[in-house]
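J.: Got a structure for you, written out below as structure tokens; questions coming shortly.
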Amino acid sequence: MRIWLVPMSVVSDRHVLGQHRELHMLVSMIKSPRFKNHPLVKFYGQHLRWLVDFHAELVDEIRHRFGSCPARHRTPMPVEWSEEPRVEIAFPQSWIDYDREDLAYRYATMYTDHVWSHRERLPWTLRTPDQVQEPTDHIPLYRHMSPGKWGEWTGDVPVVRAVDDGVLD
């Protein structure tokens, strides 16, 4: 399970829908003490409002691609998470590049029937198997949050900034 760091507008329909499903799996993991040491829970559990905002963007992308109406979306995020302060997470470019290369590898070697509804398919998604290489390192977020299991992360780390909603005190 993972949260892709590339914009959802550039991934296939299958990955958009899969990302929505995995986001809700992450919500369940955050709520369960059983998963408290999972790298995704350790990181995103500190940024619940970001998950709410990401979910809204994901639902908008699903609507753009498939034309589904808002009333058909039946998997809301926990309401109390919306009350958390808004944050912006600036993921390192190396992490985004890792995800893009991983997706390029998957599109070229594993999934050949992907569709991009109402979106242009970008050149990096059209590479052939001889033009891509499978990432050999572990996912950067996993290494950053659980170095004992996944290996020490020595590169850049995400920068989290508060977002000013323009609300005056």
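J.: Every residue in the stretch 32-76 that is under 20 Å from VAL160 (Cα atoms) and basic (Lys, Arg), please.
T.: LYS42, ARG49
J.: Identify the single condition in (1) in a helix (DSSP H, G or I); (2) at pLDDT below 95; (3) acidic (Asp, Glu) that GLU22 does not satisfy, given that it satisfies every other one.
T.: (2)
J.: If I filter the stretch 98-112 for residues that are among the basic types (Lys, Arg) and not in a helix (DSSP H, G or I), do I get at least one hit?
T.: no
J.: List pairs: first residue in the stretch 92-106 and in contact (Cβ under 8 Å) with a residue 24 or more places away in the chain, second residue among the small types (Gly, Ala, Ser) and not in a helix (DSSP H, G or I) anywhere in the structure, Cβ distance under 9 angstrom, at least six positions apart or on different chains.
T.: PRO92/GLY155; SER94/GLY155; TRP95/GLY155; LEU103/SER12
J.: Restricting the first residue to the stretch 5-22 and requiring it to be touching a residue at least 40 places away in the same chain (Cβ under 8 Å), which pairs with a second residue that is basic (Lys, Arg) and surrounded by fewer than 16 Cβ atoms within 10 Å (Cβ to Cβ) meet a Cβ separation below 9 Å and a spacing of at least six or different chains?
T.: VAL10/ARG121; SER12/ARG121
J.: Any residue at all in the stretch 147-157 that is touching an Asp or Glu at 6+ places or on another chain (Cβ under 6 Å) and closer than 29 Å to HIS38 by Cα?
T.: No, the conditions are met nowhere in the stretch 147-157.
J.: Right, next: Condition test on GLU120, is it loosely packed, with under 11 Cβ neighbours inside 10 Å and assigned to a helix (DSSP H, G or I)?
T.: Criteria not met by GLU120.
J.: Out of everything in the stretch 38-92 that is assigned to a loop (DSSP other than H, G, I, E, B) and of a type in the set (S, T, N, Q), what residue ends up being nearest to ILE139 (Cα to Cα)?
T.: GLN46
J.: Which pairs have Cβ atoms under 9 Å, sit 6 or more apart or on different chains, and link a residue in the stretch 78-89 that is surrounded by 14 or more Cβ atoms within 10 Å (Cβ to Cβ) to one that is part of a strand (DSSP E or B)?
T.: Filtered contacts from the stretch 78-89: ARG86/ALA162; VAL87/VAL160; VAL87/ARG161; VAL87/ALA162; ILE89/VAL159; ILE89/VAL160; ILE89/ARG161.
J.: What do you reckon, is VAL59 among the aliphatic types (A, V, I, L, M), touching a residue at least 12 places away in the same chain (Cβ under 8 Å), in contact with a strand residue (DSSP E or B) (Cβ under 8 Å, 6 or more places away or on another chain) and surrounded by 14 or more Cβ atoms within 10 Å (Cβ to Cβ)?
T.: Against the criterion (among the aliphatic types (A, V, I, L, M), touching a residue at least 12 places away in the same chain (Cβ under 8 Å), in contact with a strand residue (DSSP E or B) (Cβ under 8 Å, 6 or more places away or on another chain) and surrounded by 14 or more Cβ atoms within 10 Å (Cβ to Cβ)), VAL59 does not qualify.
J.: Shifting gears a bit: In the stretch 25-37, which residues are of a type in the set (Gly, Ala, Ser) and part of a helix (DSSP H, G or I)?
T.: Filtering the stretch 25-37 for residues of a type in the set (Gly, Ala, Ser) gives 28, 32.
Residue satisfying the conditions is SER28 alone.
J.: Let me ask something else about it. Specify the residue that is nearest to GLY67 (Cα to Cα); the eligible residues are those in the stretch 123-142 that are in contact (Cβ under 8 Å) with a residue 60 or more places away in the chain and either of a type outside the set (A, V, I, L, M, F, W, C) or assigned to a loop (DSSP other than H, G, I, E, B) (or both).
T.: THR125
The values are calculated or read from the model by the stated rules, or taken from the named source; none is laboratory data. Everything numeric in this text was worked out from a predicted model, so none of it was measured. Cβ: placed from backbone, ideal geometry, glycine included. Neighbour counts: every protein chain shown.
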